[in-house]
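Here's the structure we're looking at; comments come further down.
The values are calculated or read from the model by the stated rules, or taken from the named source; none is laboratory data. All values reported here derive from a predicted model rather than from experimental measurement. Cβ placement follows ideal geometry from the backbone for every residue including glycine, while neighbour counts extend to all protein chains displayed. The protein model used for the area step is the full one, side chains on, heavy atoms only, and it has no ligands, DNA or RNA in it. Shrake-Rupley method; radii C 1.70, N 1.55, O 1.52, S 1.80 Å.
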Amino acid sequence: MNKSSSTPGELPGLAADSLRATSAPVSSIPARPRVKPVDRSQLTWQMLDVERLVEAEHPARAIWELVGRLDLKGFYAPIEAVEGGAGRTPWDPRLLVSLWIYAYSRGISSGREIARRCTYEPAFQWLCGLGEINHHTLSDFRVDHDASLREIFVQVLGVLSSEGLVSLERVMHDGTKIKACAGSDSFRREERLKEHLEAARKQVETMGDPRQEEAAGKRAARQRALRERQQRLEQALEEVEQVRQAKQADKEQTRASQSDPEARIMKQSDGGYAPSYNVQLSTEASNRVIVGVEVSQCGSDYGQLIGAVAQVEENLGRKPAQVVVDGGFTSRENILAMAEQGVDFIGSLPAANPSSANQQRRRGVSEEFFLDKFSYDAQQDIYRCPAGESLGAKGREFGPGVVVHKYVAQAAVCAACQFRSECCPGNQHQGRSVVRTVLAPEVRQFAEKMQTATAKAIYRQRGAVAEFPNAWIKDKLGLKQFRLRGLIKVRLEILWAALTYNIQQWIRLSWRPALANN
Ligand code: SF4
């Protein structure tokens with residue numbers, strides 16, 4: 001027999017005899033590490049204490065508690081199922097409100113994502129008691145309760161106010177652009193929109209009568225998408241007309257988005273342009289609670305302030321004592337309106353003197369002939385130029401909070417003047433003109449007030465307070481772009497976000513300290 005061959009059960013080349021013959025003992029061969037095997041073939045039962053899924057200080061508990069203190073009758077009213085009666089039992093609105101608030105606080109704004117997390121994430125599981133909620137139920141609930149949602153926004157303000165967390169002594173108001181659920185390339189001119197609408201109508205017609213359909217699943221979803229596309233295109237054509245009238249723009253240049261017809265191209269804080277909505281937030285200064293929220297299709301902020309102050313009064317039953325805004329809101333119209341309402345107004349009025357040094361310089365006027373070198377004779381109501389000639393009154397223009405008086409020299413006098421090329425180089429057939437601006441007393445008082453150290457110090461606080469909720473909503477709640485389309489739904493989305501923000505303030509300022517003291 002060949003002595004080197006191994007017997008069954010022995011390693012090749014390491015027969016028992018040869019092992020015995022080596023000088024190394026058997027124990028010196030390294031043993032394989034022993035680890036616990038993974039057994040995925042087993043079936044097992046686990047005990048789960050739902051109440052202990054989240055700790056006592058978890059924000060989901062705070063949200064559930066606060067929502068439970070609110071009057072949700074507006075949400076319960078449409079429910080047809082009654083105790084003792086037949087029919088499907090819907091989910092409790094308290095749960096659906098709590099789920100959406102908690103989801104927004106985690107930067108989740110999708111019904112599908114909430115439904116998914118309800119199957120595995122402890123806080124969502126705790127909120128819904130391990131129940132499984134259909135994402136359609138969640139998505140429909142978010143947009144179906146406009147008035148009721150606004151009502152609970154006001155109720156939460158009431159809770160914060162009753163706990164001394166809201167002061168209307170000073171309210172900072174600001175606007176921020178949030179991108180719409182539409183791309184810049186979705187904007188089309190009227191002719192192209194009509195072509196797309198015609199194509200969409202033909203597609204919808206070929207689907208047949210929707211009442212006869214028994215479509216299900218993907219086919220039904222596709223048909224619904226086609227009808228929604230047709231509706232959006234019809235609305236886009238209406239919006240084109242509105243934009244044209246608002247801007248008095250050229251028919252050829254006016255465009256609307258076929259994805260979100262109510263979105264408008266707006267300038268962003270980074271200098272770029274994108275389809276957006278202009279979100280307006282009023283924030284009280286003591287605890288940075290949002291006391292008013294609105295959405296506008298207008299990129300400019302000037303026209304938003306009066307409505308914002310009215311909404312704060314509607315929400316809390318009184319006007320703010322003081323409103324602080326940036327230059328985008330500081331117009332003479334707003335100065336007059338705030339004065340009329342007895343609201344102390346702090347802002348930054350840009351210099352709008354048409355005869356400012358830069359403008360005169362651009363017109364080629366030498367510094368020796370700037371407006372300040374002309375003297376006004378109030379008795380005769382004339383100006384005298386540096387050459388001693390008179391400029392007579394030539395009409396007035398009335399604007400909000402201002403009257404602009406115009407004075408003009410005689411054309412023949414200026415034409416013969418040796419200083420013409422330095423004083424009015426661009427005038428070929430007219431004499432030199434100057435204007436005298438007379439501000440309304442309220443505007444003058446505002447300008448004087450804004451020169452004081454106190455007003456300047458208050459204005460410096462504006463950015464930190466007013467821009468805080470803007471940044472929070474975009475960065476913490478993740479609302480840099482709307483998920484929903486159209487002005488009504490976008491309003492609801494920002495209202496959910498503002499409600500979430502305020503509840504988070506309540507958790508931080510009231511619920512957590514109370515829990516720590518117990
Ligand atoms: S150009 Fe006319 S306004 Fe100017 S300095 Fe001469 S006269 Fe006076």
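Odds and ends about this structure:
- A 1.4 Å probe run over the protein chains yields, for the chain, 57 Å² of accessible area per residue, whole-number rounding.
- Solvent-accessible area assigned to carbon and sulfur over the chain amounts to 49 percent, based on a 1.4 Å probe.
- The 3J(HN,Hα) values that the Karplus relation (6.51, -1.76, 1.60; θ = phi - 60°) gives for the range 492-497 are, in residue order, 5, 5, 6, 5, 4, 5 Hz. Gly and Pro appear as x.
- Label point 7 Å beyond Cα of S162 along Cβ direction - residues of the range 57-100 with amide nitrogen under 15 Å: 65-73
- Cα-only Debye scattering, the chain: base-10 log of I(q)/I(0) at q = 0.06, 0.09 Å⁻¹: -0.50, -0.86
- The chain, helix-only ellipticity at 222 nm - DSSP H runs n ≥ 4, -39,500 (n - 2.57), divided by all residues, nearest 500: -12500 deg cm²/dmol
- Its relative contact order, with pairs defined as Cα atoms under 8 Å and 6+ residues apart, puts the chain at 16 percent.
- Distance between the modelled labels on R222 and R318, one decimal in nanometres: 6.2 nm (7 Å Cα→Cβ projection).
- Mean separation of Cα contacts under 8 Å (6+ apart) over length of the range 252-382, as relative contact order %: 13 percent
- Solvent exposure, largest accessible area first (probe 1.4 Å, DNA, RNA and ligands not counted), of S282, S510: S510, S282
- The lysine pair tally for the range 404-518, using Cα distances under 28 Å and a gap of 8 or more places or different chains, is 4.
- Fully extending the segment from K449 to E55, taken as 0.36 nm per residue of separation minus the present Cα-Cα distance, adds 136.6 nm.
- Multiplying the residue separation of H135 and S184 by 0.36 nm and removing their Cα-Cα distance gives an extension gain of 14.7 nm.
- A probe of 1.4 angstrom, applied to the heavy atoms of all protein chains, finds S162 with accessible area near 90 square angstrom.
- The chymotrypsin sites (Phe, Trp or Tyr not before Pro) found in the range 345-439 that occupy coil by DSSP, while having at most 16 further C-beta atoms within 10 Å, are F419.
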